[in-house]
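Please read the structure below before turning to the comments.
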Amino acid sequence: MSEPGAPLPRRLFVPALWTIAGLGLVLGAASLRVVAAGEAEITASTAALRAADPHAATVHARRAAGWYAPGAPHVRVAYQRLVALATTAEGLGDRETALLAWSSIRAAAIETRWLVTPHEADLARANQAIARLEAAAPRPPGTRTEPAAKIDREQLEALGRDDAPRVPWVVALVVAFVTWSAGAIWIVRRAIDAAGHVAWRRAAPGLVATVSGVALWLLAIWRA
């Protein structure tokens, strides 16, 4: 604990260290949970492969890829396994398993993206494979008369369509919230006295920040 009469930098430094240490413990525990769960899914996927069950092996590898952590070995193994399952199934003519594996790659790559897409190349490859398989699928007479190449192109365009929130507006949401909160804190700490009276002149910067933050937040929600 810091002493009551300690200089301001020291009084701030000690709590800051405790905060950093607490955040480190939380992040460490979360990372351990992610890695442990991902490794467990890889183990289950391997067991399914040994039992000659490609469907279960794909499902468990998909779950392992979903337990994403930057640099985690199980994520790399999961994507490699899904690609191997997909290409092997295609070679054997097992369209159902191939589609499941490629779709698993696509789903995992999409759900683990944030400001960047860590597995963008895998996502593009999966989109191309899914479009190819869908274009080559047998269809009842009279349902589609277009050439397979055209169907392939249409499928690829549909899969490549990005309906997720656009990154700049997601960042704007965070900036808006921080600005909004900072403005409110400014008003409370600088413009309201112990009796609850508001000094509007001192509150002006906080009011501007709060109103600007709310306006940006609403705009970002609308555009994201």
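Out of (1) exposed (fewer than 12 other Cβ atoms within 10 Å of the Cβ); (2) at pLDDT 70 or above, the odd one out for Asp162 is which?
(2)
Could you run through region 18-67 and say how many residues are closer than 28 Å to Ala101 by Cβ, polar (S, T, N, Q) and surrounded by fewer than 19 Cβ atoms within 10 Å (Cβ to Cβ)?
Number of matching residues: 3.
Go through region 38-76 and give me each residue that's within 23 Å of Leu27 (Cβ to Cβ) and either over 19 Å from the mean Cα position of the chain (by Cα) or among the charged types (D, E, K, R) (or both).
Keep residues of region 38-76 that are within 23 Å of Leu27 (Cβ to Cβ), which gives 38-42, 63-76.
Once the filter is applied, which keeps residues that are within 23 Å of Leu27 (Cβ to Cβ) and either over 19 Å from the mean Cα position of the chain (by Cα) or among the charged types (D, E, K, R) (or both), region 38-76 yields Glu39, Ala40, Glu41, Ile42, Arg63, Arg76.
Within the set of pairs 6 or more residues apart or between chains, which connect a residue that is at negative phi and at pLDDT 90 or above inside region 124-145 to a residue that is of a type in the set (Val, Ile, Thr) and not in a loop (DSSP other than H, G, I, E, B) with Cβ atoms less than 7 Å apart?
Partner pairs satisfying both residue conditions: Ala126/Ile105.
Would you pick out the residues in region 33-88 that are closer than 18 Å to Glu120 by Cβ, in a loop (DSSP other than H, G, I, E, B) and touching a residue at least 24 places away in the same chain (Cβ under 8 Å)?
Tyr68, Ala69, Pro70, Ala72
Run down Ala78, Ala72 and say which single residue is at pLDDT below 90 and out of contact with any Cys (no Cβ under 9 Å at 6 or more places or on another chain).
Ala72
For Ala149, state whether it is at pLDDT 80 or above and part of a helix (DSSP H, G or I). Don't jump to the end; show me each part of the working.
On the way: at pLDDT 80 or above: no; part of a helix (DSSP H, G or I): yes.
Judged against the criteria, Ala149 is not a match.
The values are calculated or read from the model by the stated rules, or taken from the named source; none is laboratory data. Please read these numbers as outputs of a predicted model, since none were measured by experiment. Cβ: placed from backbone, ideal geometry, glycine included. Neighbour counts: every protein chain shown.
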